[in-house]
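The values are calculated or read from the model by the stated rules, or taken from the named source; none is laboratory data. Keep in mind that this is a model prediction, so the values were computed, not measured. In this analysis, Cβ positions are derived from the backbone assuming ideal geometry, glycine residues included, and neighbour counts consider all displayed protein chains. Ligands, DNA and RNA are excluded from the accessible area calculation, which covers all protein heavy atoms including side chains. Shrake-Rupley method; radii C 1.70, N 1.55, O 1.52, S 1.80 Å.
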Amino acid sequence: MDLAFTMLVPVLIAGTALYGMFRRVDVYDALVAGAGEGLGVLIKIVPALVGLLTAVYMLRASGALDLAAQALAPVLTRLGIPPETVGLMLVRPVSGSAALGVGAELISTYGPDSLIGRTAAVMLGSTETTFYTIAVYFGAAGIVKTRYAVPAALCADLAGFVAAAWAVRVIFY
Amino acid sequence: MAMAVIWTGMVVVSIVCALATGRGPDVAAAAMEGAGAAVELCLSMAGVLCLWMGVMEIMKRSGLSGGLSRLLRPILRRLYPSFARDREVMDSISANVSANLLGLGNAATPLGIQAARQMSRRTPGVASDALCMLVVCNTASIQLIPTTVASVRLAAGCAAPFDILPAVWLASALSVCAGIAAVKVLGRVWR
């Protein structure tokens, strides 16, 4: 099963190439042309990410997230979310690696099969790094007016967190 | 403007907090570190991004992505009504959705970026309703097999790291539904 997962990407690429050959497409020329376009996209993403990550790193270093976590804990208990996971919820939309770090910490501290450990795992598995995704997509597409994309995406995140806590309680306890 | 407000807010809050908690030097160092990390992140994803855009080009020229989008068309047509007749955009979204479902986050991002670029041609500089939908669907990401989290659980001594799968699917599905509903509602009221 593990091997099947690791081989998925190479097999997909090989399958695409074989199908292309079968349809008499110049596969290599197409690959190089597409990859060249990728470079142009990359150049557009760099400035957006420089801006975003500068702010994210500053926020993380300032301890603002810890303060917010303390303030939010009582509200979360009301919503049925274990208050220990508040740090994870705050970091999740801004930084994928930091969220994984916080989540791994929760999972090892409370145990992978505890309510908190499971909730943290489900939260990590069912949400994405929202601000990173928005910065990358809109940066590449040259979008300046983001309209309601940010609030709508945060709505989805919040629903994901509440649903994660709820699903773990319903399925395991 | 949303990003401008959030970005300025993040920077100002960091400085205020840093002064209050005495972490000023840390924040100053972090600002420089973050800027560097952004470039490193871009370089680290450069190869994968180029590779998948290349593979996508093969799929496009060979008609494979067309087949894929015919399969997903009944759903995507409803989510992106304004692009339902735009084959190029539909093909890119289909590839993005397929990669997301397979758990290939590395492939999903370049494919989604391509869809976003194609969509933005119609409304340069402004996020149309369809573009908001694309971004929200990707931030909510339905992932069938969360391998990274499973490996963290395994490392913490879990006997059945995948026993959270049903809960993950349930939570992802609810999160995506909430995102779609938010886009549909906000699209009506937002100018």
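Which residues, counting only those in region A:12-49, are among the basic types (Lys, Arg) and not in a helix (DSSP H, G or I)?
A:Arg23, A:Arg24
Within region A:105-134, take every residue that is among the β-branched types (Val, Ile, Thr) and either more than 7 Å from chain B (Cβ to nearest Cβ) or in contact (Cβ under 8 Å) with a residue 60 or more places away in the chain (or both) and give me the one that is farthest from A:Phe172 (Cα to Cα).
Among those residues, the one meeting the criterion is A:Thr129.
Of the numbered conditions (1) crowded, with 18+ Cβ neighbours inside 10 Å; (2) facing chain A (nearest Cβ under 8 Å), B:Asp129 fails exactly one; give the number of that condition.
For B:Asp129, the failing item is (2).
For region B:159-175, give me each residue that is of a type in the set (A, V, I, L, M, F, W, C) and surrounded by fewer than 21 Cβ atoms within 10 Å (Cβ to Cβ).
Those that are of a type in the set (A, V, I, L, M, F, W, C) and surrounded by fewer than 21 Cβ atoms within 10 Å (Cβ to Cβ): B:Ala159, B:Ala160, B:Phe162, B:Leu165, B:Trp169, B:Leu170, B:Ala173, B:Leu174.
Among the listed residues B:Ile142, B:Ile113, B:Ile75, B:Ile93, which satisfies the condition of being β-branched (Val, Ile, Thr) and either in a loop (DSSP other than H, G, I, E, B) or on the phi > 0 side of the Ramachandran plot (or both)?
Every option except B:Ile142 fails the conditions.
Hey, among B:Arg188, B:Arg85, which residue is more than 9 Å from chain A (Cβ to nearest Cβ), part of a loop (DSSP other than H, G, I, E, B), out of contact with any strand residue (DSSP E or B) (no Cβ under 7 Å at 6 or more places or on another chain) and farther than 21 Å from A:Arg92 by Cα?
Result: B:Arg85 is the single residue among B:Arg188, B:Arg85 that is more than 9 Å from chain A (Cβ to nearest Cβ), part of a loop (DSSP other than H, G, I, E, B), out of contact with any strand residue (DSSP E or B) (no Cβ under 7 Å at 6 or more places or on another chain) and farther than 21 Å from A:Arg92 by Cα.
Take the conditions in contact (Cβ under 8 Å) with a residue 40 or more places away in the chain, aliphatic (A, V, I, L, M), more than 24 Å from B:Cys137 (Cα to Cα) and surrounded by fewer than 24 Cβ atoms within 10 Å (Cβ to Cβ) and apply them to A:Leu76. Does it pass?
Answer is no for this residue.
Please find, within region B:21-51, the residue that is nearest to the other protein chains (Cβ to nearest Cβ) out of those that are among the β-branched types (Val, Ile, Thr) and closer than 17 Å to A:Gly40 by Cα.
By that ranking, first place goes to B:Val39.
Could you check B:Ser94 against (1) open to solvent by less than 10 Å² (accessible area, probe 1.4 Å); (2) at pLDDT below 90; (3) of a type in the set (S, T, N, Q) and say which number it fails?
Every listed condition holds for B:Ser94 apart from (2).
List every residue pair whose Cβ atoms lie under 9 Å apart, where the two residues are 6 or more positions apart in sequence or sit on different chains, the first residue falls within region B:1-28 and is under 17 Å from A:Val94 (Cβ atoms) and open to solvent by less than 80 Å² (accessible area, probe 1.4 Å), and the second residue, located anywhere, is of a type in the set (Phe, Trp, Tyr) and modelled with pLDDT of 90 or more.
Every condition considered, the pairs that remain are B:Ala2/A:Tyr148; B:Met3/A:Phe138.
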